[in-house]
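First up is the structure itself, then whatever we jot down about it.
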Amino acid sequence: MTVGEASVRGAAILKAAGLEAAALDASLLLADILDTGKAGLILAGSEPLTEAVCRRFEQSLERRLAGECVAYILGRKEFWGLDFAVTADVLVPRPDTETLVEAALSRIDELTGDDPAGALPSPSPPVTLLDLCTGSGALAVALKHERPALWVCASDVSGKALALARKNAGKNLQSLAGTESPVLFIESDLFDRLGEAAMPAFSGPPRFDLIVSNPPYVPTAVLATLSPEVRREPPLALDGGEDGLDLIRRIAAGAPPFLSPGGTLLMEADPDQMTIIAAILECRGYSDIQMYRDLTGRPRVISGRYSE
Ligand code: GLN
């Protein structure tokens, strides 16, 4: 069998099982085994497949048929053009969350006066950012990669997630690694232990210009109805309690003492939750509440500013 034939057969097997992105999934799985990239797979189309590759491809297809998503099978996922290691300890980064990266970047650029790379010598201290519930580190790493002058702290309640986030920072931010790690990682249930860590960016308690978060926001009862792929992701990263808003409420309530005056809180949530979150933010004293739409045109990110 040739590479091309194997790819077509794999796609047919996945399609017969009702998987929507059968052809894409099959080619991603085969390209990973052959280490060709997707374009390389097409170029290698007429080459024969070795027995060993064939067996590995079959194993990958079996895992996919059993409901594992491609990202977990490959152990990685692309987010914001960067390569993130993923395991079953973290949520797979979604394209939706790139909306949060964009929203945060535009806020950062407002603060730095459109000096995106931080290239101009500036006497002002760096813009500081906290990523709560960082998981694989997707938000913290993408933002630090995009704006190296940022001072970034990322926290998660899961030690296993943090270990992976550290690995992803090391892999994607290698060029920025000086004496100090490019992102400071802290194991903490939301804000609980943030005050304990030594943070050189602050002379007193930490106050961030931006707090970003993609917290768990799926209502508990909805979790069981999600696709088998999503149900293999850690409930800790998805389950937002009865109405999905437990963590969002705690973040909205806990953020003010950790925000610089006029600082911005940016959170991802479900489009259907936006109106109620806007009300929560307003009740908590946030102003300038804005929503940002994802690629499908639905509001996916909400922000508010806090001035005492
Ligand atoms: N967008 C995710 C989903 O697939 C939920 C992510 C989250 O809870 N942070 O449902």
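The values are calculated or read from the model by the stated rules, or taken from the named source; none is laboratory data. Quick caveat: nothing in here was measured; it's all calculated off a predicted structure. Ideal geometry is used to build each Cβ from the backbone, glycine not excepted, and the neighbour counts take in all protein chains shown. Quick note on the areas: whole protein, heavy atoms, side chains included, nothing else; ligands and nucleic acids left out. Shrake-Rupley method; radii C 1.70, N 1.55, O 1.52, S 1.80 Å.
Key figures for this structure:
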| quantity | calculated |
| --- | --- |
| Residue in segment 139-159 that is over 25 Å from residue 291 (Cβ atoms), of a type in the set (Asp, Glu) and either under 15 Å from the mean Cα position of the chain (by Cα) or modelled with pLDDT of 95 or more (or both) present | yes |
| Any chance residue 19 is under 29 Å from residue 227 (Cα atoms) and assigned to a helix (DSSP H, G or I) | no |
| Single unsatisfied condition, residue 110 versus (1) away from the ligand (no atom under 16 Å from the Cβ); (2) closer than 28 Å to residue 229 by Cβ; (3) at pLDDT below 95 | (2) |
| One residue from 304, 204, 285, 263 being among the small types (Gly, Ala, Ser), over 18 Å from residue 108 (Cβ atoms) and at pLDDT 95 or above | 285 |
| Pick from segment 27-50, criterion farther than 12 Å from residue 6 by Cα and not in a helix (DSSP H, G or I), ranking: least open to solvent (accessible area, probe 1.4 Å) | 36 |
| Residue ID - nearest to residue 103 (Cα to Cα), chosen from residues in segment 277-290 that are in contact with a helix residue (DSSP H, G or I) (Cβ under 9 Å, 6 or more places away or on another chain) and surrounded by fewer than 18 Cβ atoms within 10 Å (Cβ to Cβ) | 290 |
| Near pairs, Cβ below 7 angstrom, 6+ apart or cross-chain, from segment 186-209 (farther than 25 Å from residue 246 by Cβ) to any residue that is in a loop (DSSP other than H, G, I, E, B) | 199/206; 201/126; 205/195; 209/127 |
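This table checks each residue for (1) closer than 22 Å to residue 139 by Cα; (2) open to solvent by 50 Å² or more (accessible area, probe 1.4 Å).
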site	(1), (2)
241	no, no
263	yes, no
275	no, yes
294	yes, no
302	yes, no
